[in-house]
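Below is one structure, written out as C-alpha cells; the observations come after it.
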Amino acid sequence: MPAPESDAVRRLMEAISSLLDRIPMLLSFKSKWSLIRAKLVDLKTQLSDFTEFDGSSSNLLALELLRSVRETLADAVPVAARCEGLDLVEGKLKTQSEVDSVIARFDCHVKDAEVLIKSGVLQGDVAVVSGGSISSKKEAVRVEARNLVTRLQIGGPESKNSAMDSLLELLQKDDKNVMIAVAQGVVPVLARLLDSSSLVMKEKTVAAISIVSMVDSSKHLLIAEGLFLLNHLLRVLESGSGFAKEKACIALQALSFSKENARAIGSRGGISSLLEICQAGTPGSQALAAGVLRNIASFAETKENFVEENAIFVLISLVSSGTPLAQESAVGCLANLTSGDENLRVLVVREGGIECLKSFWDSVSIAKSLEAALDLLKNLASCPAVREVLISEGFIPRVVLVLRCGILAVRMAAAEAVSALGFSSKTQKEMGECGCIGPLIDMLDGKAVQEKEAASKALSTLLVCTSNKRVFKKSEKGIHNLVQLLDPKIKNLDKRYTVSALELLVTSRKCRKQIVAAGACLHLQKLAEMDVEGAKKLADSLARSKIWGVFARP
C-alpha cells in the first residue's frame with residue numbers, strides 16, 4: 001500500500017495531467033497556455049523524481065511545495081475554463097492578468113523544485129545528536145545550514161525572511177558554523193539575495209555577508225562573486241541605513257584587499273561614499289570606512305581618486321576627532337597614500353599632517369597602533385625639507401623609544417623610520433645619544449629576517465657618525481651579530497646593508513680583528529662570487545690587513 005505522501009504526489013500528478021489534456025482545447029491566449037503547458041511538463045517530471053527520494057515524504061520544504069502546487073492548480077482550473085472560448089465574459093485584461101499570474105506561479109514552482117532536488121535536502125539524512133559528540137553536532141549544523149540555504153532560494157518573501165533570521169542566528173554562534181554554511185553554498189545565494197526589493201531583507205543579507213567576510217577561509221568566495229557583489233555593497237554605502245552601511249564596510253574591508261576590487265571601488269564612486277561616512281557616520285562606521293580606505297590606498301592606481309575627492313583633509317580631520325581605531329586606520333591610509341608619492345607628502349604636511357601625527361602618537365594607548373604612525377613618519381621623512389621639521393618636532397626620541405617595543409612589526413617600522421630620518425651627521429649623532437644603537441644591535445639577533453634587515457639598514461646609516469661607532473664597539477655582540485648576517489645560507493635578506501655597516505667599522509684595527517675572528521672572510525668570498533654589492537671591496541680591505549691569515553683558517 002503506498003504511503004500517504006506518495007499517494008498525494010500521485011493525485012497531484014493526475015491533476016497536472018488533467019490540466020495538460022485540457023490546454024490544447026483552449027482558444028484564448030494560446031501562446032501563454034503553451035508556456036504553462038511546458039512548465040507543467042517540467043513540474044510533472046520533477047514530482048516524479050521526488051518519489052525517488054526517501055526524505056521527500058517527511059521533508060517540510062517538499063511538503064510546502066506540494067501544497068503550493070496544489071493551490072496553484074486549483075486556481076488555474078477556473079482560469080482555463082474561462083479561456084475555452086473566445087468570448088471573455090470577465091474581460092480580456094482581467095483574464096490575461098490571471099493567466100500571467102498562473103505562468104509566474106508555475107515558473108516559481110519549477111525553480112523551487114529544481115532547487116530542492118539539487119540541494120540534497122530530500123536525501124533524508126537527518127542528523128541525530130547523540131551523546132553530544134562533536135561529529136554529530138557538526139552534522140546537525142551541516143543539515144541545518146543546507147536546509148536554510150535551500151529555504152533562502154524557494155518560497156515567498158515571508159518564508160525567505162524567516163530563513164534569513166535563522167541563518168543569521170546560526171552564523172553568529174561561531175566561525176565553524178560560518179565555514180559549514182559556506183561549504184553548503186551560502187555565498188552565491190546571499191549575493192543573489194541582494195537583488196531583493198525588500199530593504200529589510202537586503203539589510204539582513206548584507207549583515208550575513210559581513211559575518212562571512214570576517215572568516216579568513218571564506219573571503220576568497222566573496223571575492224569570486226566579483227563586481228556583482230561589489231556593486232550591490234557600494235549601492236548600500238550610497239543609500240542604505242546606518243546599520244547597513246556599517247555591515248557593508250565590514251564586507252568591503254575583506255574585498256578591498258584585491259587590487260581589482262580596490263580599483264573598482266575607486267572608479268565607481270566608492271571612495272566618495274566612504275569619505276562621507278568618515279565625516280558623518282557613526283563612530284563605529286567611521287572606523288570601518290577608514291579601514292576600507294586604508295586598503296584601497298595601498299594600490300597606486302587609486303591615489304588619483306583620493307586626490308579628486310579631497311581625501312587628505314577628511315582623513316586628517318578623522319585623526320583629530322575619531323575613535324582610536326578610526327584614527328589608526330586614517331593614519332594608515334595616509335601612510336599608504338604618501339608611499340612613493342612626493343606630491344601627496346607635501347599635501348599632507350600642508351594640511352597639518354605633522355601636528356596631527358604628533359598628537360596621535362602621544363595619545364596612543366596600544367603599541368600596535370604605532371606601526372601606522374611610523375610608516376607615515378618614514379614616508380614624510382623621505383622629503384628633505386619635511387625631515388628637518390619632523391626632527392625639530394621631537395620625533396627622534398619618540399622613534400628610539402619604540403625600538404624596544406615587544407611587537408615585531410612596530411620594531412621593524414621604527415628601524416625603517418630611523419633609516420629615513422638619519423640622513424645628516426647631526427641627526428645621526430642625536431639618535432645615538434638617544435640610545436638608538438643598543439636596540440638595533442639586539443634586533444640583529446632577532447628571529448625574523450625582516451627584522452635583521454631593518455636593523456642592519458639603520459646601522460649602515462648611523463655608523464657613519466664617529467660617536468655611534470664608539471657606542472657600537474662597546475657592545476660585546478654587535479660585530480658578531482652583523483657578521484652572522486653575511487652567511488649566504490640566510491635567504492631573503494639584503495646583505496648590502498650588512499656589508500655597508502661592516503665597511504664603516506673596518507677602519508678600526510680592533511674591529512677588523514673581531515670581524516675576521518667572527519668568520520666574515522669565508523662569507524664575503526661567497527658573497528663576492530654572488531656579486532653582492534660591496535662584498536668584494538670589504539673582502540679586499542680585510543685581505544690587505546696583516547691578519548689575512550686568520551680568516552684563511554678553516
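The values are calculated or read from the model by the stated rules, or taken from the named source; none is laboratory data. These numbers were taken from a predicted model, which means no experiment stands behind them. Neighbour counts run over all protein chains shown; Cβ positions are idealised from the backbone, glycine included. The area values use the complete protein model at the heavy-atom level, side chains included, leaving out ligands, DNA and RNA. Shrake-Rupley method; radii C 1.70, N 1.55, O 1.52, S 1.80 Å.
Things worth noting here:
- When a 1.4 Å probe is rolled over the protein heavy atoms, the share of accessible surface on the chain that falls to carbon and sulfur comes to 53 percent.
- Helix 60-82 axis, angle to the chain major axis (alpha carbon atoms, nearest 10°): 50
- Here the dipole of the range 152-238 is about 100 debye; that uses its Cα centre as origin and unit charges on the Cβ of Lys and Arg (positive) and Asp and Glu (negative).
- Straight-distance crosslink candidates among lysines, where the alpha carbon sits under 19 Å from residue 30 and sequence neighbours closer than 8 are dropped: 39, 92, 94
- Here, the range 409-554 yields an orientationally averaged convex hull projection of 8.1 nm² when only Cα atoms define the hull.
- Coil-residue GluC sites (Glu not before Pro) of the range 6-81, DSSP, other Cβ within 10 Å capped at 15: 52
- The residue among 81, 272, 412 whose Cα reaches farthest toward the positive pole of the charge dipole of the chain, with charges on the beta-carbon of Lys, Arg, Asp and Glu, is 412.
- When each of 118/138; 491/526; 368/495; 137/247 is checked by Cα-Cα distance, pairs over 20 Å: 118/138; 368/495; 137/247
- The alpha-carbon of residue 426 sits under 18 angstrom from the alpha-carbons of these aspartates and glutamates, leaving out residues fewer than 8 places away in its chain: 388, 393.
- Using a probe of 1.4 angstrom and keeping all protein chains present, the accessible surface of the chain works out to 47 square angstrom per residue.
- Computed over the chain, relative contact order equals 6 percent, with contacts defined as Cα pairs under 8 Å that lie 6+ residues apart.
- Relative to the Cα centre, the charge distribution of the range 238-337, modelled as +1 at Lys and Arg Cβ and -1 at Asp and Glu Cβ, gives a dipole magnitude of about 180 debye.
- Residue (of 518, 450, 462) at the positive-pole extreme of the range 437-554, dipole from beta-carbon charges: 518
- Hull volume per residue, based on the alpha-carbon atoms of the range 133-218 and their convex hull, is 80 Å³.
- Placing +1 on each Lys and Arg Cβ and -1 on each Asp and Glu Cβ, with no other charges, gives the chain a dipole about its Cα centre of roughly 2900 debye.
- Within the same chain, aspartates and glutamates fewer than 8 places from residue 176 are excluded, and of the rest, those with a Cα less than 14 Å from its Cα are 139, 144, 216.
- Computed over the chain, the ratio Rg/Rh where both radii use C-alpha atoms and Rh is Kirkwood: 1.20
- Residue-by-residue Karplus 3J(HN,Hα) for the range 428-438, coefficients 6.51, -1.76, 1.60, Hz, glycine and proline x: 4, 5, 4, 5, x, 5, 7, x, 7, 5, x
- From its DSSP helices (H runs of at least four residues, each -39,500 (n - 2.57)), the chain gives a residue-normalised ellipticity at 222 nm of -23000 deg cm²/dmol.
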